[in-house]
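All remarks here apply to the structure that follows.
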Amino acid sequence: MAQSRPDTRNKAKASDSAGAKTKQLEAFTQAAESQLSTQQGVPIPDNHNSLKAGVRGPTLLEDFILREKLTHFDRERIPERVVYARGAAAHGYFELTRPLGEYTKADFLQDVGSRTPVFVRFSAAMGARGGADTAREARGFAVKFYTREGNYDLVGANMPVAFVQDAIKYPDFVHAAKPEPHHDMPQASSAHDTFWDFMSLVPETTHALMWLMSGRALPRSWRMMDGFGVHTFRFVNARGAVHYVKFHWKPKLGRHALLWDEAQKLAGRDPDFLRRDLWEAIEHGHFPEWELGVQLIEEAKAESLPIDLLDPTKLIPEELVPVLTVGKLVLNRNPDNFFAEAEQVAFNPGHVVPGIDFSNDPLLQGRLFAYSDAQSWRLGSPNHSELPINKSLCPVHNFQRDGSGRNTIGKGRVAYEPHTLANGAEFRVDGGQQGFQSTAEPGDPAKLRRRPEDFDDHFSQASLFWNSQSPAERDQIVAALQYELSRVDTAAVRQRVVDNLAHVDARLARKVAEPLGIDLPDPRAAAGRAGFRELRRKQLVETSAALSMDTAGGAIHTRRVAVLVAPGVELGAFKVIQQALQDAGAVTCVIGPNLGFVASSSGQQLPVDHALLATSSVLFDAVLVPGGATSAQQLMANGSAVHFVMEAYRHCKPICVIGEGAQLLKIPELDNNPAGLPGVVVGKNEPGTRQQLAQEFIAAIARHRHWGRPHVDSVAA
Ligand code: HDD
């Protein structure tokens, strides 16, 4: 292919006169930083008063400064994303740790150590842009790789499976899940009739529902959740050989979830909980990290798998195809401007680079159209790829021209191909081996509206997920389903859901049905309905460890520990533990009755980070109550302080109480003796034991939650 680059961005050469003009402009720009101006650069003399006909007279239409300011303001909002509207983003890089040339010719996956800049946006699927971060939601995990061969977007989620199998059902699914159209409620909640009506009638949703009802839908932090590409994609190597590929992001900080009660309280205490968490971690230099893993399946072997790779409601258990770690993702820079970057970023699963190709997954195929269409509407023009955050870093050259929001100045008379008039040589792009090559997929070319037979197995993997959960995780799934269905007014819908659940697990269905005022679950009733085929493919594994989040241990890096203090607090053990926590990477916050300082028992002034009235235990991962009789007495007399500790107890969070601080744990059934409670470290302010206390507390924090605490349900918090 001959090369001519009439509008290559990176190669513009400034002429001498342009250079002089630039210098002149720079001088103006420096002067202008201390001077407000209109969009045309005209200096603004007064930004407080509009132009009036006399001091008490009407405002003049002539005031172009006011007119321009208001017209711009009136147009500041763009339509929010129809799904995944609420989110935030960060910059970083992807580094390859294992060469993948054997599988794909993608340039950025060849050389170990090579780094590709990325922009990553995390989001919540159904909530509006102004909703709360901690609603029960599938989370978006969208990564834009700015590779040397163009932008590659991996637009995934924190769940490996989708709700529906075919893109033609996606708008129905979204309409059922979003607020009900007659009164626009509820916001960011699946606990309503239309959601469960649709789900109960479309059993292919069952597997994803299990994920949504689990802790996966309530991440403690975006930094502590998995990501998945969901669909099967294809890697194509330089020889044209194909491997099917599934993408996995695994967080370095482990996987942790909020409890439902916490999530609801956080929605009020700090609706920005997750975006603040990401922002602060990056601001403080705690750069979040994930490993990129791939599951690779030779094209010829795909048939022998018991799972249809084109079905987006199925995953491949890691026991069947292991996840190969190939790189790491590091987020190390917050955006400069939320709107210009996080809001205007336009992801598209159709953005692939040579060496990565689509599969015929019917959900993915629909997405290939939907995103470019959605972005052109949302960002106002097909020229959204020219916005700084969407621009590829490599040169762009084509003959697309004009349209609103066009930035590129396409030079010369030639805006077509083939041509000879650019530089006399013939320029023609009509095939050949360069550029992105679409790779054929084995398949049936007949045109029909049908799905492969195996797509009808809607329950095997929902059961696999259920079987892989720990007892505590199961309790939460049951509680989530009970909560959601208790809010569904239509009894027939509640009944259909539990009838379906009986195909996942009979005990699960019975337990969920208990408080719902309906009949016992009847799997035969579900099986009789339209859209239901009782197909159950044998799964080669009974359980899969990677499907459970309940993994013990791990680092405590960036976990937030609250330290409750009042005047008279003893500093000895507290200071030793605080230092040990900080050395282990945790963040400690001193919380006192008021802002300012608290005088310790030895008369030292201890700075307070947060006042009790402005904070809550749900904003923390663990609680430390130091000793000191006066301090403990005052905290005991403060309902907010007692509630703080008891709520942390109820949420099974690690707690360390020293000396008189133990009085804050008021559990009458235990005669107020907290010794031996899971995840509760009790100690004295004695020099010889401080280090050991600190290590016990760190180990307790590493486990994150301590299930099986006695009398949790009787705690009024
Ligand atoms: Fe989608 C946005 C993830 C299926 C249509 N989707 C969007 C975003 C994420 C996903 C993370 C936000 C990207 C960002 O941060 O800007 N979508 C998924 C996943 C899916 C999925 C994991 C299933 C595997 N989506 C899906 C289908 C369709 C769409 C089947 C339509 C046929 N998605 C869109 C959209 C959005 C979008 C309408 C909203 C606004 C936008 O794209 O930019 O085009």
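Observations on the structure shown:
- As computed over segment 570-717, the Cα convex hull volume per residue (Å³): 103 Å³
- Extension gain (nm, one decimal) between Q605 and R428, 0.36 nm per residue minus Cα-Cα: 56.0 nm
- With K and R counted +1 and D and E -1, the other residues having a Cβ less than 15 Å from that of H643 yield a net charge of +2.
- Longest site-free stretch - the chain; sites: chymotrypsin sites (Phe, Trp or Tyr not before Pro), DSSP loop, at most 16 other Cβ within 10 Å: 1-398
- Percentage of interatomic Cα-Cα distances in segment 329-459 larger than 22 Å: 59 percent
- The calculated Kirkwood hydrodynamic radius for segment 63-120 is 15.7 Å, given to one decimal from all distinct C-alpha pairs.
- Relative contact order of segment 122-205, defined on C-alpha pairs under 8 angstrom at six or more residues apart (%): 28 percent
- Put simply, the C-alpha atoms of segment 648-714 give a gyration tensor, and the ellipsoid matching it has half-axes of 20, 15, 8 Å, longest first.
- Descending Cα extents along the principal axes, segment 334-381, whole Å: 37, 24, 16
- Under 5 Å between amide hydrogens, built in the peptide plane, is the criterion, and for N332 it picks out H91, G92, Y93 among residues at least 5 positions away or on other chains.
- Here the mean projected area of the convex hull built on the C-alpha positions of segment 101-148 is 5.1 nm².
- Calculated FRET value between K538 and A128, using beta carbons and R₀ = 51 Å, to 0.05: 0.75
- Diagonalising the gyration tensor over the Cα atoms of segment 471-612 and scaling each eigenvalue by 5 before taking the square root yields semi-axes of 52, 21, 10 Å, largest first.
- Charge sum, other residues only, whose C-beta stays under 15 Å from I658's C-beta, Lys/Arg counted +1 and Asp/Glu -1: -1
- Kirkwood hydrodynamic radius (C-alpha pairs) into Stokes-Einstein, segment 165-214, 37 °C and 0.692 mPa s, D in µm²/s: 291 µm²/s
- For segment 289-383, a Kirkwood radius taken over Cα pairs fed into Stokes-Einstein (20 °C, viscosity 1.002 mPa s) yields D = 129 µm²/s.
- Three-way shape label, segment 67-207, alpha-carbon gyration tensor, a/c 1.5: oblate
- Longest segment of the chain lacking trypsin sites (Lys or Arg not before Pro) that sit in a DSSP loop with at most 10 other Cβ atoms within 10 Å: 539-717
- Three-way shape call for segment 424-473 based on the alpha-carbon gyration tensor, with the a/c threshold at 1.5: oblate
- Semi-axes of the equivalent ellipsoid of segment 357-396 are 23, 15, 6 Å, computed as sqrt(5λ) over the eigenvalues of the C-alpha gyration tensor in descending order.
- The ratio of the alpha-carbon radius of gyration of segment 190-249 to the globular-protein estimate 2.2 N^0.38 Å is 1.61.
- Average projection, convex hull of the Cα set of segment 493-555: 6.7 square nanometres.
- Counting every alpha-carbon pair across the chain, the share separated by more than 43 Å comes to 37%.
- Here segment 459-513 is treated as a sphere whose radius is the Kirkwood value from Cα pairs; by Stokes-Einstein at 10 °C and 1.306 mPa s it diffuses with a coefficient of 140 µm²/s.
- Ratio of the Cα radius of gyration of segment 422-524 to 2.2 N^0.38 Å, where N counts its residues: 1.97
- Annotation for segment 549-622 versus segment 387-436: alpha-carbon center distance of 58 Å.
- Of the DSSP H helices in the chain, not one has a Cα length along its own long axis of 18 Å or more together with a mean Kyte-Doolittle hydropathy reaching 0.5.
- Net charge of Cβ neighbours under 11 Å - reference A90; Lys, Arg +1; Asp, Glu -1: +2
- Look at S50, S189 and count the other Cβ atoms within 10 Å of each Cβ; fewest to most, that gives S50, S189.
- Estimated [θ] at 222 nm from DSSP helical runs (n ≥ 4, -39500 (n - 2.57)) normalised by residues in the chain, nearest 500: -7500 deg cm²/dmol
- Cross-link check: pairs K169/K265; K105/K144; K69/K178; K252/K684; K246/K538 evaluated at a Cα-Cα cut-off of 25 Å; pairs beyond the cut-off: K169/K265; K69/K178; K252/K684.
Quick note: the coordinates plus some simple rules give every number you see, no bench work behind them. Keep in mind the model is a prediction, meaning the values are calculated, not measured. Because the Cβ atoms are built from the backbone with ideal geometry, glycine has one as well, and the counts that use them run over all protein chains shown.
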